[in-house]
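The values are calculated or read from the model by the stated rules, or taken from the named source; none is laboratory data. Predicted model only: the values in this text are computed from it and were never measured. Glycine gets a Cβ as well: all are built from the backbone with ideal geometry, and neighbour counts include every protein chain shown. Ligands, DNA and RNA are excluded from the accessible area calculation, which covers all protein heavy atoms including side chains. Shrake-Rupley method; radii C 1.70, N 1.55, O 1.52, S 1.80 Å.
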Amino acid sequence: QVQLVESGGGLVQAGGSLRLSCAASGRTFSSYGMGWFRQAPGKEREFAAAISWSGSSTYYKDSVKGRFTISRDNAKNTVVLQMNSLKPEDTAVYYCASTKARSNWYLSEAYVYWGQGTQVTVSS
């Protein structure tokens, strides 16, 4: 019922930038929270950033705060993760995700719909 498709991943040198986009379809996009998770090989998935249904509130993992910015455009059914000052430790597969309700968008446990992931590799 809900489809999420990420794009924008790639290879970038440390200190560089990437812009990840997520296109959503299958339901009313503006009614739910959206987030970005990431997972490196052999490691658990991390909750990197999230944004409320209206876009009025955001959450960032401490390690990306000040470098990453999450935003959404409900008219276009998209959510974007702008990543600046990238570090090798940011290397991971990045997943777009959506909640099934407006409440608890700031909790990782609320995310139930997932995209296929896009690879981000940061070289030193």
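Would it be correct to say that Ala24 is buried (at least 21 other Cβ atoms within 10 Å of the Cβ), among the small types (Gly, Ala, Ser) and closer than 17 Å to Val122 by Cβ? The answer is no for Ala24. Does Val64 count as free of Cβ contacts under 8 Å to residues at least 40 places away in the same chain, more than 16 Å from Leu4 (Cα to Cα), of a type in the set (A, V, I, L, M) and open to solvent by less than 50 Å² (accessible area, probe 1.4 Å)? Answer is yes for this residue. Residues of the stretch 67-83 that are of a type in the set (A, V, I, L, M, F, W, C) and in contact (Cβ under 8 Å) with a residue 40 or more places away in the chain: Val79, Val80, Leu81, Met83. Considering the stretch 1-72, the qualifying strands (runs of 3 or more DSSP E), each wholly inside and each with 1 or more residues that are in contact with an Asp or Glu (Cβ under 8 Å, 6 or more places away or on another chain), run over 18-25, 34-39. Would you be able to tell me the number of residues in the stretch 83-121 that are of a type in the set (Val, Ile, Thr), open to solvent by less than 60 Å² (accessible area, probe 1.4 Å) and more than 15 Å from Gln39 (Cβ to Cβ)? Residues meeting the conditions: 1.
Across the stretch 34-55, what is the number of residues that are in contact with a Gly (Cβ under 6 Å, 6 or more places away or on another chain) and at pLDDT below 95? Of the residues in the stretch 34-55, 2 are in contact with a Gly (Cβ under 6 Å, 6 or more places away or on another chain) and at pLDDT below 95. Within the stretch 67-121, the set of residues being touching a strand residue (DSSP E or B) at 6+ places or on another chain (Cβ under 6 Å) and among the aliphatic types (A, V, I, L, M) comprises Ile70, Val79, Val80, Leu81, Met83, Leu86, Ala92, Val93, Ala97, Ala110, Val120. Against the definition (open to solvent by 30 Å² or more (accessible area, probe 1.4 Å) and in contact with a helix residue (DSSP H, G or I) (Cβ under 8 Å, 6 or more places away or on another chain)), how does Asn74 come out, yes or no? When the stated conditions are applied, Asn74 passes them.
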